[in-house]
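What follows is a set of notes on a single structure, which appears directly below.
The values are calculated or read from the model by the stated rules, or taken from the named source; none is laboratory data. What you see is a predicted model, and the numbers here were worked out from it, not measured in a lab. Here the Cβ is made from the backbone with ideal geometry for all residues, glycine too, and neighbour counts use every protein chain on show. Please note that ligands, DNA and RNA were not included when accessible areas were found on the heavy atoms of the full protein model with its side chains. Shrake-Rupley method; radii C 1.70, N 1.55, O 1.52, S 1.80 Å.
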Amino acid sequence: MKPPRTAPGSDRTLIEHLAHVRWIAGGTGAGKSTVTMALARRHDARLYNGDRAEHDWVARSTQQHHPHLHALLGAAPGQVWAGRSAQEVFRSMASLHGEVIGFLIEDLLALPNDRIVLVDYFGVLPRDVALLLAGFHQAVFLLPSPEFRRRVLAMRYADPLRARTTWGSHCREEMLAKRLARDALWDEEVRQQATAYGLRTVSVDGTRPVEDLVTEVATHLRLPQAPACS
């Protein structure tokens, strides 16, 4: 496979500064965090969790430059989902409009570069990642099958507290169905962009041992082995 095309606006200096970064992105419920944590342990890599960082990005956002992200500031649980179709929620995603990648880059540049950094984050598209890569091996996008995602999210939100934290008092079943439909739209966007930029996608349906998936991702990302203990 050829390295991704250098997209307009690529910054060679920035690419060099992020040469130690590996991206594990894709769809929700694909096991990104499980894979990334296993890789961090196996290869002595540093973890960067984009989901946790999002709260800080919202606080740093401005209405002028990040309108979709800024709209989340002070939003009540479920406010983004209530009264909207899955298509409308998808179109309102800050990541779809390129509003989070700048914050992510700032955070990564602030980290030490003494070892590999593994980015674990749902909300980044191949279009934005391609600008930052020296080669296709630095990124992989995990995409779950619809049935596997349905099982994963159903279990995740079976916890009433977690469901209320995410969706407030709104009907869990209704919100979950909308979430699944929104995520399917995101997956298709990721798949199309990954094809356009020559970036790797991996399908996840839950039938393979996690260790096999971890090994496949590690091989693709060309992760160095951690030094043996003396």
The one condition residue 14 fails out of (1) in contact with a Phe, Trp or Tyr (Cβ under 8 Å, 6 or more places away or on another chain); (2) closer than 22 Å to residue 199 by Cα is (1)
Over the stretch 193-211, the set of residues under 16 Å from the mean Cα position of the chain (by Cα) and open to solvent by 40 Å² or more (accessible area, probe 1.4 Å) is 200, 201, 203
Selection from the stretch 52-81 of residues within 22 Å of residue 174 (Cα to Cα), open to solvent by less than 50 Å² (accessible area, probe 1.4 Å) and under 21 Å from the mean Cα position of the chain (by Cα) yields 78, 80, 81
Quick count over the stretch 29-51, residues being more than 24 Å from residue 111 (Cα to Cα) and open to solvent by less than 20 Å² (accessible area, probe 1.4 Å), is 2
Within the stretch 212-230, residues surrounded by 11 or more Cβ atoms within 10 Å (Cβ to Cβ) and either within 17 Å of the chain's Cα centre (by Cα) or at pLDDT 95 or above (or both) come out as 213, 214, 215, 216, 217, 218, 220, 221, 222, 223
- Answer yes if at least one residue in the stretch 166-179 is of a type in the set (Lys, Arg), part of a helix (DSSP H, G or I) and closer than 30 Å to residue 135 by Cα, and no otherwise. no
request  = For the stretch 48-65, indicate whether the set of residues that are within 19 Å of residue 137 (Cα to Cα) and at pLDDT 95 or above is non-empty.
outcome  = yes
Over the stretch 111-138, the set of residues aliphatic (A, V, I, L, M), open to solvent by 20 Å² or more (accessible area, probe 1.4 Å) and within 20 Å of residue 39 (Cα to Cα) is 111, 116
